1. Yes or no: M27 in a helix (DSSP H, G or I) and either on the phi > 0 side of the Ramachandran plot or at pLDDT 95 or above (or both)?
2. Taking the options D51, D82, D104, D29, name whichever one is more than 16 Å from the chain's Cα centre (by Cα) and over 20 Å from M1 (Cβ atoms).
3. I need the full set of residues from the range 11-24 which are of a type in the set (D, E, K, R) and either out of contact with any Ser or Thr (no Cβ under 6 Å at 6 or more places or on another chain) or assigned to a strand (DSSP E or B) (or both), in order please.
4. Could you check how many residues of the range 11-35 are loosely packed, with under 14 Cβ neighbours inside 10 Å, in contact (Cβ under 8 Å) with a residue 12 or more places away in the chain and out of contact with any strand residue (DSSP E or B) (no Cβ under 8 Å at 6 or more places or on another chain)?
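The values are calculated or read from the model by the stated rules, or taken from the named source; none is laboratory data. What you see is a predicted model, and the numbers here were worked out from it, not measured in a lab. Glycine gets a Cβ as well: all are built from the backbone with ideal geometry, and neighbour counts include every protein chain shown.
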Amino acid sequence: MKIEEIMTKEVVIVRPEDSIQAAAQKMRDHDIGFLPVYDGDKLLGVLSDRDMAVRSIAEGKDPANTPSRDVITKPVICCYSDQEVGEAARMMHDNQIRRLVVLDREHGHMVGVISLGDIATNSAEVVSGEALQGISRPEGSPDIH
């Protein structure tokens with residue numbers, strides 16, 4: 001199964017100058033926890049709800065006056081829409097992340113996002129269960145079945 005078959009195609013983005021508060025409002029309004037950060041056509045990084053909590057709120061930054069660029073995760077781990085779902089799951093496992101930005105191989109433009117949830121609910125591949133276990137477990141912790 002190809003990534004393009006199960007990825008989310010309508011992706012909400014945030015600009016690097018948008019405040020953390022504005023990003024949080026987008027997350028609330030769209031019921032999501034992850035936003036690619038774009039400056040024009042260039043993907044600068046990604047912003048997760050965890051990024052906002054750990055790099056902004058925990059450090060006492062003012063959400064209304066802190067730009068998204070100050071708390072983004074970079075570099076961005078990406079995959080291509082024509083790759084197999086199992087490859088995306090392995091990338092998530094290897095990088096201990098739950099979402100990947102999906103690019104069009106021909107043009108390099110973002111065409112979607114694939115999440116661990118997309119894989120778990122839409123893929124019959126055995127790898128989804130393995131990815132779920134490996135990503136949710138801190139590195140070095142015992143494998144509990």
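1. Details: in a helix (DSSP H, G or I): yes; either on the phi > 0 side of the Ramachandran plot or at pLDDT 95 or above (or both): yes.
Against the criterion (in a helix (DSSP H, G or I) and either on the phi > 0 side of the Ramachandran plot or at pLDDT 95 or above (or both)), M27 qualifies.
2. On the way: D51 fails: more than 16 Å from the chain's Cα centre (by Cα); D82 fails: over 20 Å from M1 (Cβ atoms); D104 fails: over 20 Å from M1 (Cβ atoms).
Result: D29 is the single residue among D51, D82, D104, D29 that is more than 16 Å from the chain's Cα centre (by Cα) and over 20 Å from M1 (Cβ atoms).
3. The initial filter retains those residues of the range 11-24 that are of a type in the set (D, E, K, R), namely 15, 17-18.
Within the range 11-24, R15, E17 meet the criteria.
4. Final tally of qualifying residues: 1.
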